[in-house]
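All remarks here apply to the structure that follows.
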Amino acid sequence: MRRIALLGIVLLALPFSTRVTGQNAATKEITFSKDVAPVVYANCVYCHRPGEIGPFSLLTYKDARPWAKAIKQAVLQRKMPPWLADPHYGDFQASRRLSDRDVQTIAAWVDGGAKEGDAADLPKVPQFSEGWQIGTPDLILTMKEPYTIPATGTIAWQTLPAQDYTFPEDTWIQAIEVRPGNRKVVHHGTVGVVSPGENGSETSAGNLHLYSPGLEAMIWREGYGKLIKKGSRVQFGMHYNAIGTDQTDQTKVGFVFAKKPVHTEVHTTIVQNNTMLVPPMAHSHEVIGAFELPVSARIHALRPHMHIRAKTGSATVVYPDGKRNILLHIPNWDDSWQNYYIMSEPVSVPKGAFLEYVATYDNSPANPLNPDPTKPVAWGQQIWEEMHSVYMTWTEINDKNKNDTAPIQIPVNKAFTTGVLTLNK
């Protein structure tokens with residue numbers, strides 16, 4: 001989060017690149033109103049607008065013009081929009097990766113003087129609704145008390161109860177969204193279910209959803225959903241960062257209940273290796289974790305999670321006969337953007353197949369984010385510690401869904417404009 005806030009400053013400090021331009025893409029004059037605005041409205045203003053995570057707005061020419069060279073550099077280097085997946089592996093819904101043509105258009109606009117053009121050519125500015133991406137939730141649960149984040153110092157991982165609420169019956173969830181109360185200090189947050197009789201610790205089976213930059217609401221189509229058992233309650237797991245001033249946070253979660261019968265439960269399994277230890281001065285240390293699918297299943301989505309020493313991450317299906325299929329490869333990890341990658345077509349795997357997650361870590365002086373390359377780095381929640389995990393969304397193949405190979409996830413509209421999303425109607 002701290003690096004996101006400095007994005008604009010960092011981009012302006014980068015050397016101006018002339019290696020790739022859009023001059024060969026078109027001979028006509030490229031203007032913001034006619035050519036660039038459609039690109040940024042479709043791909044950038046989801047974050048780059050007032051009140052959102054982007055450090056500057058791109059809604060108008062006046063907003064965008066001072067950042068023109070920085071925008072060009074960011075798109076040429078594929079730093080923006082943030083989409084870390086290698087395009088050679090996997091095919092994902094709602095990819096934020098700009099096309100080569102869009103990149104060339106932005107470069108040509110800057111090279112041509114970043115002109116505004118005719119205001120009559122400007123497309124309609126996206127209209128945003130404030131509030132929930134999932135529509136009006138059937139249930140909203142908030143942290144029981146606000147949590148105070150001190151101005152400085154180390155903030156341990158916090159497990160915080162939601163307001164007093166016990167689910168009165170088995171409940172199928174069709175959509176879920178976590179909304180941080182204070183995005184400036186929430187690095188990421190999880191929502192878990194504590195079942196009756198448990199001691200309050202979050203279980204892997206009870207992992208519902210989480211928030212981090214780049215991760216949106218979860219919405220499943222009819223017939224699919226998460227099951228919360230009768231008598232369960234909700235708790236939050238919060239990773240906070242100090243930002244130099246005292247802050248408070250009171251994160252909340254919203255649920256939309258399934259209105260029609262659910263035939264398939266959606267599972268979230270964290271594939272991880274929490275015994276990892278990255279040696280000092282190691283430039284490329286490999287860590288492996290794996291999970292064996294207990295049934296014939298379909299893998300629908302993957303969401304890696306690591307910290308600042310991570311370099312690469314690859315999720316691969318290893319079949320019982322030894323064949324391998326790389327589902328996701330991230331060649332250049334960035335802790336600031338931990339996207340959720342939804343398969344355009346779910347991957348069917350037999351019982352006994354493994355989901356293997358291999359990540360590499362740079363604990364050497366070559367890593368500019370490394371606070372101390374002379375010390376080993378173990379698993380931990382703090383940003384200067386490390387993690388190795390990938391959240392895998394999967395479902396069991398059963399008689400009701402055996403011929404259903406379509407995606408089960410409904411992508412959230414990037415602008416989540418009013419009226420776009422309607423469930424069960």
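The lone criterion from (1) under 24 Å from Y340 (Cβ atoms); (2) part of a helix (DSSP H, G or I); (3) in contact with a His (Cβ under 9 Å, 6 or more places away or on another chain) left unmet by V75 is number (3).
For region 127-178, filtering for residues that are within 30 Å of E385 (Cβ to Cβ) and not in a strand (DSSP E or B) leaves 11.
Of the strands (runs of 3 or more DSSP E) that lie entirely inside region 297-404, those containing 1 or more residues that are more than 17 Å from S212 (Cβ to Cβ) and aliphatic (A, V, I, L, M) span 297-305, 310-318, 324-330, 341-349, 354-361.
Please enumerate the residues belonging to region 316-334 that are out of contact with any strand residue (DSSP E or B) (no Cβ under 7 Å at 6 or more places or on another chain) and either in contact (Cβ under 8 Å) with a residue 60 or more places away in the chain or of a type in the set (S, T, N, Q) (or both). Residues satisfying the conditions are N332, D334.
For region 3-14, indicate whether the set of residues that are closer than 30 Å to P180 by Cα, modelled with pLDDT under 90 and not in a helix (DSSP H, G or I) is non-empty. Yes, region 3-14 contains at least one residue that is closer than 30 Å to P180 by Cα, modelled with pLDDT under 90 and not in a helix (DSSP H, G or I). Within region 329-345, not a single residue is surrounded by fewer than 17 Cβ atoms within 10 Å (Cβ to Cβ) and over 20 Å from the mean Cα position of the chain (by Cα). Just so you know, in region 220-238 the residues that are surrounded by fewer than 22 Cβ atoms within 10 Å (Cβ to Cβ), within 21 Å of the chain's Cα centre (by Cα) and not in a loop (DSSP other than H, G, I, E, B) include one that is modelled with the lowest pLDDT, and it is G237. Of the residues Y361, Y357, the single one that is within 30 Å of K402 (Cβ to Cβ) and crowded, with 21+ Cβ neighbours inside 10 Å is Y357. No other residue among R78, R96 is surrounded by 14 or more Cβ atoms within 10 Å (Cβ to Cβ), touching a Pro at 6+ places or on another chain (Cβ under 8 Å) and of a type in the set (K, R) apart from R96. Of the set (1) touching a Ser or Thr at 6+ places or on another chain (Cβ under 8 Å); (2) in a strand (DSSP E or B), all apply to A282 but (2).
Here's the yes/no breakdown for (1) under 29 Å from I408 (Cβ atoms); (2) crowded, with 16+ Cβ neighbours inside 10 Å:
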position	(1), (2)
E29	no, no
C44	yes, yes
E52	yes, no
K62	no, no
R65	no, no
A74	no, yes
P82	yes, yes
A85	yes, yes
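Residues in region 400-408: is at least one at pLDDT below 55 and in contact with a Gly (Cβ under 8 Å, 6 or more places away or on another chain)? Among the residues of region 400-408, not one is at pLDDT below 55 and in contact with a Gly (Cβ under 8 Å, 6 or more places away or on another chain), which makes the answer no.
Consider region 239-252 and keep the residues that are in a strand (DSSP E or B) and either over 24 Å from the mean Cα position of the chain (by Cα) or buried (at least 19 other Cβ atoms within 10 Å of the Cβ) (or both). The one that is modelled with the lowest pLDDT is H239.
The values are calculated or read from the model by the stated rules, or taken from the named source; none is laboratory data. Everything numeric in this text was worked out from a predicted model, so none of it was measured. All Cβ positions, glycine included, derive from the backbone under ideal geometry; neighbour counts span all protein chains shown.
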